[in-house]
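Engineer: Take this structure first; my questions come after.
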Amino acid sequence: MYTIWRAEVAHFKAQHLPYRKTGTEWEILGELAQRLHHKEEAKDAFQRALDAKFSAKAWLKLLEFYADEGDVQRALNAAIRLSVYQHRWYMEAAYPTAVAHQLFKLIRRDGLAKISYSLVSVRPHPPLVPSPAPAR
């Protein structure tokens, strides 16, 4: 399957045609590439899966790649998206173990201070709260 996929990609590139798959197909191809230790192809497939749809699986795989590479900004972005998703759909599991594991990996490599300051710098904007009515 991997060889066929890569041959299709090469063929479409040679013909200057877009190579399209569904989000789920990209996830499957990403997992296949990851199992075969083709890290860059796996990362590309998971990023393309996110272009097609929101996927907690793709975000979790990308978080793992970013944490392994030491890419703090992208890892924190993925961790935030996963935590918000988990909080939205699974309130009791707001801090999933897989996300925490990758964050601990970053903290071990770069230190708590760097991760903490990086997290503060990517803090999303607070929601707009209407100002109270003026007192009469």
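The values are calculated or read from the model by the stated rules, or taken from the named source; none is laboratory data. Predicted, not measured: the structure shown is a model, and the values here were computed from it. Positions of Cβ are generated from backbone atoms using ideal geometry, with glycine treated the same way; all protein chains shown enter the neighbour counts.
Engineer: Please indicate, with yes or no, whether at least one residue in the range 85-99 is buried (at least 19 other Cβ atoms within 10 Å of the Cβ) and aromatic (F, W, Y).
Structural biologist: no
Engineer: May I ask you to verify whether A49 is under 16 Å from G23 (Cβ atoms) and in the same structural domain as L32 (by TED's automatic domain parsing)?
Structural biologist: yes
Engineer: While we're looking at this one, here's another question. Give me the residue from the range 101-123 that is assigned to a helix (DSSP H, G or I) and modelled with pLDDT under 85 and, out of that set, surrounded by the most Cβ atoms within 10 Å (Cβ to Cβ).
Structural biologist: L119
Engineer: Could you give me the residue pairs with C-beta distances under 6 Å whose first residue belongs to the range 53-78 and is surrounded by fewer than 19 Cβ atoms within 10 Å (Cβ to Cβ), whose second residue is of a type in the set (S, T, Y) wherever it lies, and which are 6+ apart or on separate chains?
Structural biologist: Partner pairs satisfying both residue conditions: A56/Y85; R74/Y66.
Engineer: Considering only residues of the range 10-24 that are part of a helix (DSSP H, G or I) and within 23 Å of the chain's Cα centre (by Cα), which is farthest from A49 (Cα to Cα)?
Structural biologist: So in the range 10-24, the residues part of a helix (DSSP H, G or I) come out as 10-14, 23-24.
In the following step, the residues that additionally are within 23 Å of the chain's Cα centre (by Cα) were identified as 23-24.
Details: G23: 4, T24: 7 Å.
Here the answer is T24.
Engineer: Something else about it: Within the range 24-40, is even one residue aliphatic (A, V, I, L, M) and surrounded by fewer than 14 Cβ atoms within 10 Å (Cβ to Cβ)?
Structural biologist: Among the residues of the range 24-40, at least one is aliphatic (A, V, I, L, M) and surrounded by fewer than 14 Cβ atoms within 10 Å (Cβ to Cβ), which makes the answer yes.
Engineer: Mind checking which residues of the range 41-52 are surrounded by fewer than 21 Cβ atoms within 10 Å (Cβ to Cβ) and small (G, A, S)?
Structural biologist: From the range 41-52, those surrounded by fewer than 21 Cβ atoms within 10 Å (Cβ to Cβ) are 41, 43-44, 47-48, 50-52; that's our starting set.
Passing the criteria: only A52.
Engineer: Within the range 67-82, identify whether any single residue is in a helix (DSSP H, G or I) and more than 18 Å from I115 (Cβ to Cβ), and answer yes or no.
Structural biologist: Within the range 67-82 (the criterion being in a helix (DSSP H, G or I) and more than 18 Å from I115 (Cβ to Cβ)), the answer is no, since none of the residues qualifies.
Engineer: Could you tell me which of the residues R74, R35 is over 17 Å from the mean Cα position of the chain (by Cα), closer than 30 Å to V9 by Cβ and at pLDDT 90 or above?
Structural biologist: Of R74, R35, the one residue that is over 17 Å from the mean Cα position of the chain (by Cα), closer than 30 Å to V9 by Cβ and at pLDDT 90 or above is R35.
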